[in-house]
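Here is the structure we will look at, set down as structure tokens.
The values are calculated or read from the model by the stated rules, or taken from the named source; none is laboratory data. Just so we're clear, the structure is a prediction, and the values are computed from it rather than from any experiment. Reconstructed Cβ throughout: ideal geometry from the backbone, glycine too, with neighbour counts over all protein chains shown. Keep in mind that these areas ignore ligands, DNA and RNA; they rest on the heavy atoms of the full protein, side chains included. Shrake-Rupley method; radii C 1.70, N 1.55, O 1.52, S 1.80 Å.
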Amino acid sequence: MATLQNALPELPALFAALGFAAHKHAGQLRKSADMSPYINHPIAVAGILARDGGISDAATLAAAFLHDTLEDTATTEIELTRHFGVLVAAIVVELTDDMTLPKAERKARQIVLAREYSRPARLVRIADKIANIRDVTHNPPAHWSAERRLNYLHWAAQVVASLRGTHAALERLFDADLAHGLAVLGALAETATADSPRISPQLQDRS
Ligand code: ZN
């Protein structure tokens, strides 16, 4: 676990990354029913890395704060490089889906591309999926059926399967949260859609 002492020199840069992400995501809300500010998500991802993963590497934590800026806001790689350096910008680029592709293809590609991620990108992606499966289990978008939520969990499991061997504690945490989510949603789905056919989990939309 990081100590306060060794984290202090990096704090100004980390607050800069958090502030930059908060500014870029300003006005955006999570799709959850409680419509929490979008920035809560990157904060949760960085928190999982620091608290549960014991990660104190500043580039990894800054990339966690910034990981959705290229994908979901008007931010460029040049901007990230100028503010946070080449390394952080490169991690965020790794974590950015090609938004010109159809959603199903993006989701399938994420499973494949995750195998080639750098270690910082792998760590952020595992924490990202932990945060998302927690939201999908406990605080989902209002219009998502139990089946759609289950499909998201199955897809997240496939992405994390591409990242195994990165960080044992974070992978165990993912497995525990996934098992919990499957139990919660499996029970829901059985009551809600007992007579509808199962849908292949791989290519389901998330939003
Ligand atoms: Zn994310």
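Quick notes on this structure:
- Span-rule helices in the chain, defined as complete DSSP H runs reaching 27 Å or more along the axis (Cα) with Kyte mean at least 0.5: 168-192
- Dipole magnitude (debye, nearest 20) for the stretch 108-150, charges at Cβ of Lys, Arg, Asp, Glu: 160
- Kirkwood estimate for the stretch 2-194, i.e. one over the average of 1/r between Cα atoms, Å: 17.2
- Averaging the sequence gap over all C-alpha pairs within less than 8 Å and six or more residues apart, then dividing by the number of residues, gives the stretch 2-194 a relative contact order of 22 percent.
- Positive dipole terminus of the chain, leading residue within ALA17, ALA131, LEU153 (C-beta point charges): LEU153
- Computed lengthening from VAL112 to GLU10, 0.36 nm per intervening residue step minus Cα-Cα distance: 33.4 nm
- For the stretch 30-123, accessible area per residue (1.4 Å probe, heavy atoms of protein chains only), Å²: 46
- When the chain is treated as a Gaussian network with alpha carbon springs shorter than 10 Å, the biggest mean-square fluctuation among PRO37, PRO102, PRO141 belongs to PRO102.
- Rounded to the nearest 10 Å², the accessible area of MET35 at probe 1.4 Å: 120
- Around the Cα centre of the chain, unit charges on the Cβ atoms of Lys, Arg, Asp and Glu (plus for the first two, minus for the last two) sum to a dipole of about 160 debye.
- Shape category assigned to the stretch 39-103 from the gyration tensor of Cα positions, a/c cut at 1.5: oblate
- Nonpolar atom fraction for the chain, defined as the carbon and sulfur part of the 1.4 Å probe accessible area, stands at 60 percent.
- Placing unit charges on the Cβ atoms of the charged side chains and taking the dipole of the chain about its Cα centre, the candidate lying farthest along the positive direction among ALA104, ALA62, SER32 is ALA104.
- These residues, ARG109, ARG30, ARG82, ARG148, go from largest to smallest accessible area, 1.4 Å probe, as ARG82, ARG109, ARG148, ARG30.
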